[in-house]
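Reviewing the structure listed below.
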Amino acid sequence: MAHIESVKGYLDAQFSIKDLGQLKYFLGIEVARSQEGFVLSQRKYTLDILEESGLLGGRPSSFPMEQNLKLRPDDDSPPVDASSYRRLIGRLLYLTVTRPDIVYSVSHLSQFLSNPRQTHLDAALRILRYLKQTPGQGIFLSSDNDATLKGYCDADWAGCSFTRRSSTGYFITLGNSPISWRTKKQSVVSRSSAEAEYRAMAVTVSEILWLRWLLGDLMITQKGPTPLHCDNQAARHIAMNPVFHERTKHVEIDCYFVRERVATDEIQHVSISTANQVADIFTKALGADRFQFLRSKLGVRDLHTPP
């Protein structure tokens with residue numbers, strides 16, 4: 001605390017700043033405090049989106065996207081106003097700052113910005129109905145002293161129905177607090193599930209390394225390798241096996257990159273069951289029970305009922 005006051009004093013001497021007290025609201029993000037930590041939520045922002053879309057009184061949904069929903073850019077349904085669709089998806093993208101539970105759904109719908117159809121808009125409105133049920137939810141940042149990074153990565157092999165590219169999903173925590181998550185379609189087609197998982201692993205390792213370096217600059221040093229949880233045994237064996245195989249040559253760069261970080265004790269691969277793979281929620285649309293189970297592991301809490 002003394003260090004914070006010292007920094008504030010230095011900034012005030014340089015720029016004449018005004019201390020507004022404890023943070024409660026910033027850039028649309030509300031902050032609720034308790035002895036156990038903080039909840040960061042965009043409740044007002046969410047309600048504004050619902051009001052603008054005319055869904056404040058709509059029927060809520062328990063999950064944001066129907067399981068196994070197949071959307072295509074060449075859908076036969078009628079076209080909708082592209083400007084309105086882009087605005088809605090743009091607002092939802094900003095909402096993912098505190099809502100990792102809708103990241104996959106919003107990312108999936110952002111593929112259709114150039115020529116949106118009614119089916120795409122209906123899927124976006126389904127997300128709003130889900131938000132209607134949970135407008136005050138946000139991420140919980142624990143006040144405990146655990147500053148250990150943990151990572152989870154997964155891939156949905158050939159999950160895109162119109163390109164057959166796989167989706168990468170990762171989730172990273174600092175102690176029990178979520179700090180980084182992402183859904184992204186891979187740039188090339190993978191010929192096996194192991195290849196798709198390995199590409200996801202390489203992307204996650206890059207993010208973990210950046211976070212380790214950032215935390216190091218903040219004098220929060222990681223005392224050991226960062227555990228990376230992966231549920232694909234073939235990908236884990238490739239990462240930990242120093243012998244190069246001819247059949248893995250097409251992912252050679254990723255192989256060397258990940259293996260090097262394992263060898264330098266920056267990354268430790270940890271096996272995890274598919275049932276408990278948190279990153280699964282970032283790779284595909286899930287059914288209600290599975291979605292709610294994994295959401296409970298994301299550190300998502302309600303703004304007005306902090307633990």
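Readers should treat all values here as calculations from the given coordinates under stated rules, not as data from a laboratory. Source: prediction; values computed, not measured. With ideal geometry, Cβ positions are generated from the backbone for all residues, glycine too; neighbour counts draw on all protein chains shown.
Relative contact order for the chain: 22 percent, from Cα pairs under 8 Å spaced at least 6 residues apart, divided by residue count. Bridgeable lysines around K223 (alpha carbons under 17 Å apart, same-chain partners fewer than 8 residues away excluded): K150.
Once backbone amide H atoms are built at 1.01 Å from N, L149 has G175 as its partners under 5 Å, excluding neighbours fewer than 5 places away on the same chain.
Report for the range 145-289 the percent antiparallel among DSSP-assigned beta bridges with both residues inside it, nearest 5. Close to 70 percent. Of all the options E30, E66, E51, the one that moves most in a Gaussian network model of the chain with Cα springs shorter than 10 angstrom is E51.
For H269, H3, H108, the sequence from fewest to most other C-beta atoms within 10 Å is H3, H269, H108.
Expressed as a fraction of 2.2 N^0.38 Å, the rule-of-thumb size for a compact globular protein of N residues, what is the C-alpha radius of gyration of the range 1-122? The range 1-122 yields a ratio of 1.47.
For D101, D217, D254, which order do you get if you count the other beta carbons within 10 Å of each Cβ and list the fewest first? Intermediate results must be reported in sequence, preceding the final value.
Values: D101 25, D217 7, D254 21.
Fewest-to-most Cβ neighbours within 10 Å comes out as D217, D254, D101.
Rank Q222, Q137, Q268 by mean-square fluctuation in a GNM of the chain with C-alpha springs under 10 angstrom and give only the top-ranked residue. Comparing Q222, Q137, Q268 in a Gaussian network model of the chain, the most mobile one is Q222. Comparing L92, L228, L23 in a Gaussian network model of the chain where C-alpha atoms under 10 Å apart are linked, the largest mean-square fluctuation is found at L23. Rounded to the nearest 20 debye, the dipole magnitude of the chain is 480 debye, with +1 charges on Lys and Arg beta carbons, -1 on Asp and Glu beta carbons, and the Cα centre as origin. Normalised by 2.2 N^0.38 Å, where N counts its residues, the alpha-carbon radius of gyration of the chain equals 1.08. Seen from all directions on average, the range 145-289 presents a Cα convex hull projection of 9.1 nm².
Relative contact order of the range 1-151, please, whole-number percent, based on alpha carbon pairs below 8 angstrom and at least 6 residues apart. Could you put the intermediate results ahead of the total?
Working: 163 pairs, mean separation 51.3, N = 151.
Rounded, it is 34 percent for the range 1-151.
Counting alpha carbon pairs within less than 8 Å and at least 6 residues apart, what relative contact order, in whole percent, applies to the range 145-289?
Numbers: 254 pairs, mean separation 43.8, N = 145.
Relative contact order, the range 145-289: 30 percent.
In terms of its C-alpha gyration tensor, the range 1-56 comes out oblate, because a/c is 1.5 or above while a/b does not outweigh b/c. Enclosing the Cα atoms of the range 59-116 in their convex hull gives a volume equal to 108 cubic angstrom per residue. Within straight-line reach of K284, meaning a Cα separation under 16 Å, sit the following lysines at least 8 residues removed in sequence or on another chain: K70, K184, K185. Exposure proxy ranking for W181, W210, based on other Cβ atoms within 10 angstrom of each Cβ and starting from the fewest, stands as W210, W181.
Counting only lysines at least 8 places from K18 when in the same chain, those with an alpha carbon closer than 21 Å to its own are K8.
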